[in-house]
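Reading through the structure tokens given below for one structure.
The values are calculated or read from the model by the stated rules, or taken from the named source; none is laboratory data. Keep in mind that this is a model prediction, so the values were computed, not measured. Cβ: placed from backbone, ideal geometry, glycine included. Neighbour counts: every protein chain shown.
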Amino acid sequence: MAWGVTMADGTPVLGNVELKGRALMLAVTSAERAKRGTALINDALAGLVGSPLTTIETVEQAMAARAEGLTSSEPAPAIAPEVATPLIHAMLDRQYRATLDEPVGMLGDITPRAAVQTAAGRHRVAGWLKHLENRSSSQLDANDPMATYDFTWIWRELGIENLRK
């Protein structure tokens, strides 16, 4: 369970929306957020979704289910790797390309492009990229699209490929 989750730009995550088969699932941590999220989804999808079915799970119930290895929702259907991999890699390309021009906490809240302008910054960026690569490659399945993502282009674009070991 995660509390106080934020997006890369610091925006708090107030809920999670997931498409599972023909169902759109909204998971939130309060009745107020459920009402607000349901209204936003209904407005955005303008009649494309039916009336919501609501279940409430207390923190104690969620913790007990997690301890027993149970979840309240069905697992998402598997997507063939030949379909998932190019989609996920394209999404990561877009995300990382945008991140190169955004402040990064591990770099002292400056952008990677700005950080590589100094020798110390280049080494911090190399450490950051190694961190990203290690997290990506730590997937249990070596063929997972996250594990097979190639960061080479970022090193090259930032001009620090010589620091990659």
Given the structure, is Met63 under 30 Å from Thr152 (Cα atoms) and either modelled with pLDDT under 90 or in a helix (DSSP H, G or I) (or both)? no
Considering only helices (runs of 4 or more DSSP H) wholly within the range 82-165, the ones with at least 1 residues that are out of contact with any strand residue (DSSP E or B) (no Cβ under 6 Å at 6 or more places or on another chain), free of Cβ contacts under 8 Å to residues at least 60 places away in the same chain and under 22 Å from Gly10 (Cα atoms) are 112-115, 119-137
Here's a check for you: in the range 14-43, which residue that is part of a loop (DSSP other than H, G, I, E, B) and closer than 27 Å to Ile79 by Cβ is nearest to the chain's Cα centre (by Cα)? Leu14
Do we find a residue being touching a strand residue (DSSP E or B) at 6+ places or on another chain (Cβ under 6 Å), outside any loop (DSSP other than H, G, I, E, B) and either more than 30 Å from Asp109 (Cβ to Cβ) or modelled with pLDDT under 75 (or both) anywhere in the range 44-54? no
For the range 85-99, which positions are surrounded by fewer than 17 Cβ atoms within 10 Å (Cβ to Cβ) and not polar (S, T, N, Q)? Pro86, Leu87, His89, Ala90, Met91, Asp93, Arg94, Arg97, Ala98
